[in-house]
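Undergrad: A single structure is presented below for examination.
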Amino acid sequence: MKREAWIILLLIAGLAVWPLIAGDYAVSRTNRAMIYALLALSFSVLAGRLGWFSLCQTTFAGISGYVIAILGVRYGWPTGAVIPLAILISVGFAVVFGLLTVRARRVSFLMLTLALGQMIYALSFQWVDVTGGYNGIPGIRLPSFLGIDFGDTRVLYAMLATVTVGIFMAVHRVYRSQYGLLLLGIQENEERMRALGHPVHLARFTAFVMAAAIASVAGVFLVFDMGIMSPAPLSLNQAVLVLTAAVLGGYRTIWGPALGAAVLIMLQTGVAQYTDRHMMVIGAVLVLCILLMPRGLSEFPWKSLVHRFRRSSASG
Amino acid sequence: MNLHTFYFLTLNGLTLAALLFIMASGLTLAFGLMRVVNLAHGAFYLLGGYVGVHMLQVSDSLVLGVLTGGVVALVGGVLMERLLLQRVRGLDLSEALLTIAIGLIIADALLVAYGGRPISLPLPPELRAPMDLGVMMYPTFRVLIMVTAVALGIVFWIVMTRTRVGAAIRAGVDDRETAMAQGINVPLLFAGVFAVASFLAGAAGVIGTSYMSLSPGLDVRVLMLSLVVIIIGGMGSLKGAAVGALVTGMVSSFASGYLPQFALFFLFLPMSLILVFRPQGLFGRTT
């Protein structure tokens, strides 16, 4: 417990110092990494607790992004009203999707979320009158208020860091609550949980909506960070990117998704200097993760590896 | 409603349904046998399509083009099954994720190799010419696609009901453990079905190019349509794949005729209805 508190304090201190020492580009990449950490967390809540691999978490982020773009830019509604509305509408979609998927399991769930997510993606580029099609809706920016420019990279960083740390700590509490244990129990043995009188479907449904709410908050930050809303964030590529971040970091732990998102965004930034083929790199990372370390970086048996290395170097 | 438009949309829907049946039939059988869903199916469609159309342009032979497309996808499918899926056998989610990753890599490689410009099918004039169907004129090649799908359906039906292999596949789909205990080599059977499914995806990629031109992103659209087909029809059922393909083909044809901005979104309706009232699909069985 004490060690854990120290790690959290150290992490918060690191996040506070980072914008003071890093350049603009590094801070904006960190913003992107935090957004993807939230999306990967949204994925991991379902994957780690319920064994539900979702390919539509980025869709919820995309929906809240489009609501902000359409109402905020096209109709000129005030930002303060549009943001809560965006999260609300996105969660509304999650309620519908959740009702449709709550009975599905494992691979069926994966297929269903892929199909549902791609339907919304198709809508986002076919409904040109409203969404602007492939060109999207540009000019999305947070306004200045009380002399603070909320669109500034470092101001966005401060808000994003606060929200990200807050959400991760909240989810950590949920994981350790009775409800979190019930979700794990459902993953282990659904029949037994039902026999014990637990509301299995309700628990899964609430987890789905909760995960979507996290993704929709990430979507709010994403659309202001990008400044333009286009169908790209709703594509399957993005869903797989988030999935890869969670698998790479380890979706069973609380900090795995953040670690995975950080590593993947760093990798993407590095690779982008040499080639446009970053989707190929993401695909390769996913293949290697599944074959070599299915539990991700955060649960990789580092100790036994070091142990083996020591033993072989001592004998050799 | 204009009667001519109605016939035209119906025939378009039937053409799409025929293509979808060719794509989804193998996919649904493979899923029924080993609970493996090949999410690289759309990428195999695109791979077979690009390579096959290229071959068609070089050799000027439609048959050779379709066969090349099918064989390239078959090789890809068998390599993926032997080299990667074998390593995580039994872990259904890991298998599905591996196929997604491979699909992503193939699609990105195709973008490098063939660029982003849409490619359509260069057909010989006698196949492009319209044919009199009694109610209206319709392109001969599209009629040929429908005939192919029906023939494929009949072949599948004969193999499944009249041969030992078909009986073994049915047994494997029904109850894998018991079938294996009876001495049926289900993994080998699965490898065979998987290879046939990949071949059909690649061949469909060439024929389908006469209906939807090849372009980046088509892989995911094709995959999504195939998944909707087997979700509606029920996983593991050939009859389901046929009915699911009809529903999906008709809905997207009529939606793109009257409300093009919602063309693919409209599939949400039949799929939701099925999920609410019959979650295992029309012909699926609860497991």
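Undergrad: Within region B:82-96, which residues are in contact (Cβ under 8 Å) with a residue 24 or more places away in the chain and either open to solvent by less than 30 Å² (accessible area, probe 1.4 Å) or assigned to a helix (DSSP H, G or I) (or both)?
TA: Just the residues of region B:82-96 that are in contact (Cβ under 8 Å) with a residue 24 or more places away in the chain, to begin with: B:82, B:85, B:89, B:92, B:95-96.
Within region B:82-96, B:Arg82, B:Leu85, B:Asp92, B:Glu95, B:Ala96 meet the criteria.
Undergrad: Take the residues in region B:253-277 that are free of Cβ contacts under 8 Å to residues at least 24 places away in the same chain and under 19 Å from A:Gly98 (Cβ atoms); name whichever of them is least open to solvent (accessible area, probe 1.4 Å).
TA: It comes out as B:Ser272.
Undergrad: I've got another one for you. Can you tell me which of (1) out of contact with any Ser or Thr (no Cβ under 7 Å at 6 or more places or on another chain); (2) open to solvent by 60 Å² or more (accessible area, probe 1.4 Å); (3) in a helix (DSSP H, G or I) is the one B:Met55 doesn't meet?
TA: So the condition that B:Met55 fails would be (1).
Undergrad: Would you mind stating whether A:Gly185 is away from every other protein chain (no Cβ under 14 Å), part of a loop (DSSP other than H, G, I, E, B), of a type in the set (Gly, Ala, Ser) and open to solvent by less than 40 Å² (accessible area, probe 1.4 Å)?
TA: On the way: away from every other protein chain (no Cβ under 14 Å): yes; part of a loop (DSSP other than H, G, I, E, B): no; of a type in the set (Gly, Ala, Ser): yes; open to solvent by less than 40 Å² (accessible area, probe 1.4 Å): yes.
Spelling it out, it is not the case that A:Gly185 is away from every other protein chain (no Cβ under 14 Å), part of a loop (DSSP other than H, G, I, E, B), of a type in the set (Gly, Ala, Ser) and open to solvent by less than 40 Å² (accessible area, probe 1.4 Å).
Undergrad: I need a count of the residues in region A:95-129 that are of a type in the set (Lys, Arg) and either in a helix (DSSP H, G or I) or touching a Phe, Trp or Tyr at 6+ places or on another chain (Cβ under 9 Å) (or both).
TA: The initial filter retains those residues of region A:95-129 that are of a type in the set (Lys, Arg), namely A:103, A:105-106.
Retained after the next criterion (residues that are either in a helix (DSSP H, G or I) or touching a Phe, Trp or Tyr at 6+ places or on another chain (Cβ under 9 Å) (or both)): A:105-106.
Looking only at that region, the number is 2.
Undergrad: Follow-up question, since we're still on this one. Tell me the residue from B:Val206, B:Val222 that is in contact (Cβ under 8 Å) with a residue 12 or more places away in the chain and within 14 Å of chain A (Cβ to nearest Cβ), please. Step through it out loud before you land on a result.
TA: On the way: B:Val206 fails: within 14 Å of chain A (Cβ to nearest Cβ).
Answer to the check: B:Val222.
Undergrad: Could you list, ordered by first residue, the pairs with Cβ atoms under 7 Å in which the first is in region A:131-153 and of a type in the set (Val, Ile, Thr) and the second is open to solvent by 80 Å² or more (accessible area, probe 1.4 Å), at least 6 apart or interchain?
TA: Listed by first residue and then by second, the contacts come to A:Ile137/A:Arg74; A:Thr153/A:Asp24.
Undergrad: May I pose another question? Of all helices (runs of 4 or more DSSP H) completely enclosed by region A:212-316, which ones contain at least 1 residues that are small (Gly, Ala, Ser) and within 12 Å of chain B (Cβ to nearest Cβ)? Walk me through how you get there before you give the answer.
TA: Working: elements: A:236-249, A:256-272, A:278-292, A:302-315.
Passing ranges, in order: A:236-249, A:278-292.
Undergrad: Can you confirm whether B:Ser253 is away from chain A (no Cβ under 11 Å) and assigned to a helix (DSSP H, G or I)?
TA: On the way: away from chain A (no Cβ under 11 Å): yes; assigned to a helix (DSSP H, G or I): yes.
The answer is yes for B:Ser253.
Undergrad: Of everything in region A:87-114, what is closer than 30 Å to A:Leu71 by Cβ, open to solvent by 10 Å² or more (accessible area, probe 1.4 Å) and in contact with a Leu (Cβ under 8 Å, 6 or more places away or on another chain)? Give them in sequence order.
TA: So in region A:87-114, the residues closer than 30 Å to A:Leu71 by Cβ come out as A:87-102, A:112-114.
Retained after the next criterion (residues that are open to solvent by 10 Å² or more (accessible area, probe 1.4 Å)): A:87-89, A:91-93, A:95-96, A:99-100, A:102.
Across region A:87-114, the qualifying residue is only A:Leu100.
Undergrad: Looking for something crowded, with 24+ Cβ neighbours inside 10 Å, of a type outside the set (S, T, N, Q) and within 13 Å of the chain's Cα centre (by Cα) - is there at least one such residue anywhere in region A:66-83?
TA: No; the residues of region A:66-83 include none that is crowded, with 24+ Cβ neighbours inside 10 Å, of a type outside the set (S, T, N, Q) and within 13 Å of the chain's Cα centre (by Cα).
Undergrad: Of all residues in region A:97-108 being within 12 Å of A:Ser54 (Cα to Cα) and at pLDDT 90 or above, which is nearest to the other protein chains (Cβ to nearest Cβ)?
TA: Of everything passing the filter in region A:97-108, A:Phe97 is nearest to the other protein chains (Cβ to nearest Cβ).
Undergrad: Of the residues that make up region A:126-135, is at least one more than 13 Å from chain B (Cβ to nearest Cβ) and open to solvent by 10 Å² or more (accessible area, probe 1.4 Å)? Give the steps one after another, and end with the answer.
TA: We begin by selecting, within region A:126-135, every residue more than 13 Å from chain B (Cβ to nearest Cβ); these are A:135.
Pick out the ones that are also open to solvent by 10 Å² or more (accessible area, probe 1.4 Å) and you get A:135.
Checked region A:126-135: at least one residue is more than 13 Å from chain B (Cβ to nearest Cβ) and open to solvent by 10 Å² or more (accessible area, probe 1.4 Å).
This table checks each residue for (1) under 17 Å from B:Thr99 (Cα atoms); (2) away from every other protein chain (no Cβ under 12 Å).
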site: B:Thr28; (1), (2): yes, no
site: B:Ala40; (1), (2): yes, no
site: B:Ala43; (1), (2): yes, no
site: B:Gly48; (1), (2): yes, yes
site: B:Ser59; (1), (2): no, yes
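Undergrad: Go through region B:106-132 and give me each residue that's in contact (Cβ under 8 Å) with a residue 12 or more places away in the chain, surrounded by 16 or more Cβ atoms within 10 Å (Cβ to Cβ) and not in a loop (DSSP other than H, G, I, E, B).
TA: Filtering region B:106-132 for residues in contact (Cβ under 8 Å) with a residue 12 or more places away in the chain gives B:106-107, B:110-111, B:113-114, B:116-124, B:126-128, B:131.
Okay, now just the ones that are also surrounded by 16 or more Cβ atoms within 10 Å (Cβ to Cβ), so B:106-107, B:110-111, B:114, B:119, B:121, B:123, B:127.
The answer is B:Ile106, B:Ala107, B:Leu110, B:Leu111, B:Tyr114, B:Ile119, B:Leu127.
Undergrad: Might you check whether a residue that is within 13 Å of another protein chain (Cβ to nearest Cβ), part of a helix (DSSP H, G or I), at pLDDT 90 or above and touching a Ser or Thr at 6+ places or on another chain (Cβ under 8 Å) occurs anywhere in region B:65-75? Write out each step before concluding.
TA: Keep residues of region B:65-75 that are within 13 Å of another protein chain (Cβ to nearest Cβ), which gives none.
Checked against the condition, which is being within 13 Å of another protein chain (Cβ to nearest Cβ), part of a helix (DSSP H, G or I), at pLDDT 90 or above and touching a Ser or Thr at 6+ places or on another chain (Cβ under 8 Å), region B:65-75 yields no hits at all.
Undergrad: Going by what's in this entry, would A:Val45 be described as on the phi < 0 side of the Ramachandran plot and either surrounded by fewer than 23 Cβ atoms within 10 Å (Cβ to Cβ) or touching a His at 6+ places or on another chain (Cβ under 7 Å) (or both)? I'd like the intermediate steps shown before the answer.
TA: Working: on the phi < 0 side of the Ramachandran plot: yes; either surrounded by fewer than 23 Cβ atoms within 10 Å (Cβ to Cβ) or touching a His at 6+ places or on another chain (Cβ under 7 Å) (or both): no.
In short, no.
Undergrad: Does B:Gly281 count as open to solvent by less than 10 Å² (accessible area, probe 1.4 Å), part of a loop (DSSP other than H, G, I, E, B) and either touching a helix residue (DSSP H, G or I) at 6+ places or on another chain (Cβ under 8 Å) or within 11 Å of chain A (Cβ to nearest Cβ) (or both)?
TA: Values: open to solvent by less than 10 Å² (accessible area, probe 1.4 Å): yes; part of a loop (DSSP other than H, G, I, E, B): yes; either touching a helix residue (DSSP H, G or I) at 6+ places or on another chain (Cβ under 8 Å) or within 11 Å of chain A (Cβ to nearest Cβ) (or both): yes.
Yes: the conditions hold for B:Gly281.
Undergrad: Looking at (1) more than 10 Å from chain B (Cβ to nearest Cβ); (2) farther than 20 Å from B:Leu227 by Cα; (3) assigned to a helix (DSSP H, G or I); (4) open to solvent by less than 50 Å² (accessible area, probe 1.4 Å), which is the one condition that is false for A:Thr162?
TA: (4)
Undergrad: Here's another thing I want to ask about it. Can you tell me how many residues within region B:232-281 are farther than 29 Å from A:Gly133 by Cα and more than 18 Å from the chain's Cα centre (by Cα)?
TA: Qualifying residue count, region B:232-281: 7.
Undergrad: Pairs under 6 Å by beta carbon, first residue closer than 15 Å to B:Phe31 by Cα and open to solvent by less than 30 Å² (accessible area, probe 1.4 Å) in region B:157-186, partner basic (Lys, Arg) and in a helix (DSSP H, G or I), six or more apart or different chains?
TA: Final answer for the pair search is B:Val186/B:Arg176.
Undergrad: May I pose another question? Quick check on this structure: which one of A:Gly92, A:Gly151 is out of contact with any strand residue (DSSP E or B) (no Cβ under 6 Å at 6 or more places or on another chain), more than 14 Å from chain B (Cβ to nearest Cβ) and not in a helix (DSSP H, G or I)? Walk me through how you get there before you give the answer.
TA: Numbers: A:Gly92 fails: not in a helix (DSSP H, G or I).
Matching residue, one of A:Gly92, A:Gly151: A:Gly151.
Undergrad: Follow-up question, since we're still on this one. Can you tell me how many residues within region A:272-291 are more than 15 Å from B:Ala109 (Cβ to Cβ) and surrounded by fewer than 18 Cβ atoms within 10 Å (Cβ to Cβ)?
TA: Number satisfying all stated conditions: 5.
Undergrad: Right, here's the next one. Scan region B:133-149 residue by residue and report those that are part of a helix (DSSP H, G or I) and surrounded by 14 or more Cβ atoms within 10 Å (Cβ to Cβ). Let's see the steps before the verdict.
TA: Taking region B:133-149 and keeping what is part of a helix (DSSP H, G or I), we get B:140-149.
The answer is B:Thr140, B:Phe141, B:Arg142, B:Val143, B:Leu144, B:Ile145, B:Met146, B:Thr148, B:Ala149.
The values are calculated or read from the model by the stated rules, or taken from the named source; none is laboratory data. These figures come from a predicted structure and were not determined experimentally. Note that each Cβ is placed from the backbone with ideal geometry, even for glycine, and that neighbours are counted across all protein chains shown. Side chains are part of the model used for accessible areas, which takes the heavy atoms of the whole protein and leaves out ligands, DNA and RNA. Shrake-Rupley method; radii C 1.70, N 1.55, O 1.52, S 1.80 Å.
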